[in-house]
Amino acid sequence: MAAQGKKRPHSTSGLHIKRAAAPGKRQLDILEAGLRFAPAANQQRRALTLSVAHLVSGGGGAASMPYTTIPATFSPAFTLVHGQILGGFPSATTIRKRVLSEAFEMVQQWVVQNVMGKIISVGVDGGAGKMCNGIKVIPIIALSPALPHDLILDIELMRVHENGENQAKMLSDMCDKLELDKMKIKWLEADNNAVNALTVKILNQKYGFAITLARCIDHCLNLVFTAFIEPFEEKFKLSSFLRAIRSYIMSGGGQSRRNVITEHALSMSGFDSTATRWTSFMMAMKYLMGMQSKRELATARALLSEMAAAGDESAQTALDAEDVPMLRWDALAQALESMGKDEKIKKSRRKEGEAKEYVGGGQIAEVSLDKLLTSFADIGTFRVRLCGAWRTAHCP
């Protein structure tokens with residue numbers, strides 16, 4: 001209860017107002033009375049901060065959004081369109097059942113308008129996805145210099161492996177659904193699989209097309225370069241060697257071995273390669289034949305600084321040395337030797353009865369470090385490295 005004779009102050013909803021002037025004096029206006037509004041710029045900045053924090057943190061079951069994608073996703077055009085949604089977004093069920101299908105139809109109509117009446121080729125290539133129990137996903141792409149972009153005409157989902165018959169029917173049904181002129185589709189762009197040649201034959205004989213198979217240049221080049229690299233792989237086994245290095249680094253579990261790679265001014269992605277992509281092997285070898293970059297050296301120094309601050313004396317010793325770029329091949333050999341020394345120290349501590357350090361159980365089988373280091377010292381591999389280093393220095 002308020003004390004008798006005193007009036008309870010009126011609520012001002014966060015606005016601070018000074019008491020009015022004494023009786024008999026001029027009545028104060030609003031500003032003179034002390035009314036204070038938060039500046040609009042401050043309100044906008046706070047709203048921006050809260051919005052970004054909401055997107056980055058996710059919450060409410062929503063996935064977090066990388067801050068780097070926010071400016072492009074919430075562009076001025078998006079915010080303008082979003083301003084027309086007066087009632088906010090509908091429920092997740094409504095979005096799934098109605099809005100997404102309408103969005104798909106809107107995009108597909110735009111694609112058809114761009115393709116209609118133009119001479120085009122269509123590209124097809126299937127791949128098993130990691131979703132929906134590995135269902136086969138086959139996009140049908142329209143390609144032509146007359147188009148603003150390569151455009152996706154349709155996406156077929158298959159539970160069975162594609163063959164000439166079902167692939168031809170898929171393309172014919174797509175033309176009927178989108179009301180495309182079959183005679184405007186002049187080429188089927190695909191890889192060298194025999195099923196694609198059969199597809200073209202069935203399209204022309206059964207479905208009224210006049211189409212020609214155009215073999216994908218990338219797949220054709222892959223055959224040439226794979227044949228070129230094969231003798232080198234048989235002799236030096238460099239591709240297998242790179243995969244063995246990756247297996248050794250990843251099989252240690254945890255982060256320690258990957259940290260050693262960073263400490264030696266190297267990037268795991270630089271020498272990673274895939275057996276089915278000859279370009280990845282060539283890029284990996286080119287990377288290892290090059291010199292460490294300023295960025296890699298700076299990243300290594302930053303990690304070593306953190307380790308030195310935590311009391312690592314060897315990291316401090318490395319920091320005291322001057323940054324001198326070296327051939328990445330040699331740096332990788334030194335990194336592996338360092339991992340071997342660390343592993344020997346851990347094993348000796350275990351023998352002495354110290355508690356075993358827990359690391360995440362790696363799913364990849366351990367690779368013998370001795371075999372890797374022997375490969376580094378192999379005279380044949382050494383000659384390949386010398387040739388690569390010479391070409392790097394004289395053939396930029």
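The values are calculated or read from the model by the stated rules, or taken from the named source; none is laboratory data. Keep in mind that this is a model prediction, so the values were computed, not measured. Glycine gets a Cβ as well: all are built from the backbone with ideal geometry, and neighbour counts include every protein chain shown.
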Those residues of the stretch 333-369 which are farther than 21 Å from T262 by Cα and either assigned to a helix (DSSP H, G or I) or modelled with pLDDT of 75 or more (or both) amount to K347, S348, R349, R350, K351
Examine the stretch 316-332 for a residue that is at pLDDT 90 or above, touching a strand residue (DSSP E or B) at 6+ places or on another chain (Cβ under 8 Å), not in a loop (DSSP other than H, G, I, E, B) and not aliphatic (A, V, I, L, M), and state whether such a residue exists.
yes
Over the stretch 99-145, the set of residues in a loop (DSSP other than H, G, I, E, B), within 25 Å of K186 (Cβ to Cβ) and under 24 Å from the mean Cα position of the chain (by Cα) is D125, G126
Against the condition surrounded by 17 or more Cβ atoms within 10 Å (Cβ to Cβ), under 32 Å from the mean Cα position of the chain (by Cα) and within 18 Å of N166 (Cα to Cα), how does A214 come out, does it pass? no
Note on the stretch 65-81: residues surrounded by 11 or more Cβ atoms within 10 Å (Cβ to Cβ) and either over 24 Å from the mean Cα position of the chain (by Cα) or outside any helix (DSSP H, G or I) (or both) are M65, F74, S75
With the first residue restricted to the stretch 286-306 and required to be assigned to a helix (DSSP H, G or I), and the second required to be charged (D, E, K, R) and surrounded by fewer than 16 Cβ atoms within 10 Å (Cβ to Cβ), Cβ contacts under 6 Å at 6 or more apart or on different chains are L297/D323
